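All remarks here apply to the structure that follows.
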Amino acid sequence: MAGRLKSLIEGLGPAIGRPWMERVSEHENMLREIRQDAEYTATLIGKSALSADVMAAMERVPRHEFVNPDYQEQAYVNKPLPIGEGQTISQPFIVALMTDLLAPGDGDVVLEVGTGSGYQAAVLSGLVSRVYSLEILQPLALRAESTLARLGYDNVVCRCGNGYFGWPEKAPFDGILVTAAAPNIPQPLVDQLKPGARMVIPVGLPGLHQELILLEKDQTGNTTTRQVLDVIFVPLTGDPLAKPSG
């Protein structure tokens, strides 16, 4: 693992590669803890290990580039961290798990609701053809767009908008991943899923019980849901009665 990660980092530009080289052991510890968490939650998530492709994607993304300067020392700790505007960058295990549940494929076009720091979008970008990412808070949307562009994630398209309504002009999607908790599953997002596609979304109220839900739409348009495990997410903001941004 150490040799492969070092080789990967050495192939990056000097502005990214040199600082990251100093954090190889921290990154390796994070990946190890993700694997351990998968084993601990195996009965809930239905498997004892996440896919090799997802773990490789987690290995490639420099999390410290998406973490605020005040929290750099904790960039590779397996926990959520504040990113400003009352929002957080998700726990690495949860990022990996949600990506795994989505089961992304090489040619997929996926929607992310809740860009945040851009970290989840960066992980997805290495697994799919294109990521469309919506963030309702403009300061976060602009910062994430800048970070992703600087790091070369050129298949991610960011927009500031109300994620409750999705991105209808880019639909239908091969998968939708929501990184904030909704009180219920937004119907506009279900409508924007292709037949045979999946949505991964935390559902519940702030400060109360929340569950990570896997929704699958079959070829006839019918949907089924599965509760995966208890989670804690910031709330999905945006008025469901408001007009979608366009």
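The values are calculated or read from the model by the stated rules, or taken from the named source; none is laboratory data. These numbers come from a predicted model, not from an experiment. Cβ atoms come from the backbone with ideal geometry, glycine included; neighbour counts cover every protein chain shown.
Just a few scattered comments:
- Filter result (in a loop (DSSP other than H, G, I, E, B) and without any contact (Cβ under 8 Å) to a residue 24 or more places away in the chain) within segment 81-98: Gln91
- Residue match in segment 75-84 (condition: of a type in the set (S, T, N, Q) and out of contact with any Asp or Glu (no Cβ under 8 Å at 6 or more places or on another chain)): no
- Look at (1) surrounded by fewer than 21 Cβ atoms within 10 Å (Cβ to Cβ); (2) in contact with a strand residue (DSSP E or B) (Cβ under 6 Å, 6 or more places away or on another chain) and you find that Leu142 fails only one, number (2).
- Leading residue by the ranking (surrounded by the most Cβ atoms within 10 Å (Cβ to Cβ)) among those in segment 159-204 that are of a type in the set (S, T, N, Q) and in contact with a Ser or Thr (Cβ under 8 Å, 6 or more places away or on another chain): Thr179
- In segment 166-207, the residues that are among the hydrophobic types (A, V, I, L, M, F, W, C) and modelled with pLDDT under 95: Ala180, Ala181, Ala182, Leu205
- Residue selection: Ala52 satisfies the criterion of being exposed (fewer than 14 other Cβ atoms within 10 Å of the Cβ), within 20 Å of Val128 (Cα to Cα) and free of Cβ contacts under 8 Å to residues at least 24 places away in the same chain.
- In segment 66-80, the residue that is surrounded by the fewest Cβ atoms within 10 Å (Cβ to Cβ) out of those that are polar (S, T, N, Q) and not in a helix (DSSP H, G or I) is Asn68.
- Check on Glu216, closer than 21 Å to Leu124 by Cα, in a helix (DSSP H, G or I) and out of contact with any Leu (no Cβ under 8 Å at 6 or more places or on another chain): no
- Take the conditions (1) surrounded by fewer than 24 Cβ atoms within 10 Å (Cβ to Cβ); (2) at pLDDT 95 or above; Val110 misses just one of them, which is (1).
- Test: residue in segment 224-237 that is in contact (Cβ under 8 Å) with a residue 12 or more places away in the chain, surrounded by fewer than 18 Cβ atoms within 10 Å (Cβ to Cβ) and assigned to a loop (DSSP other than H, G, I, E, B): yes
- Residue count for segment 159-187, restricted to those that are under 19 Å from Thr224 (Cβ atoms) and either touching a helix residue (DSSP H, G or I) at 6+ places or on another chain (Cβ under 9 Å) or touching a residue at least 60 places away in the same chain (Cβ under 8 Å) (or both): 9
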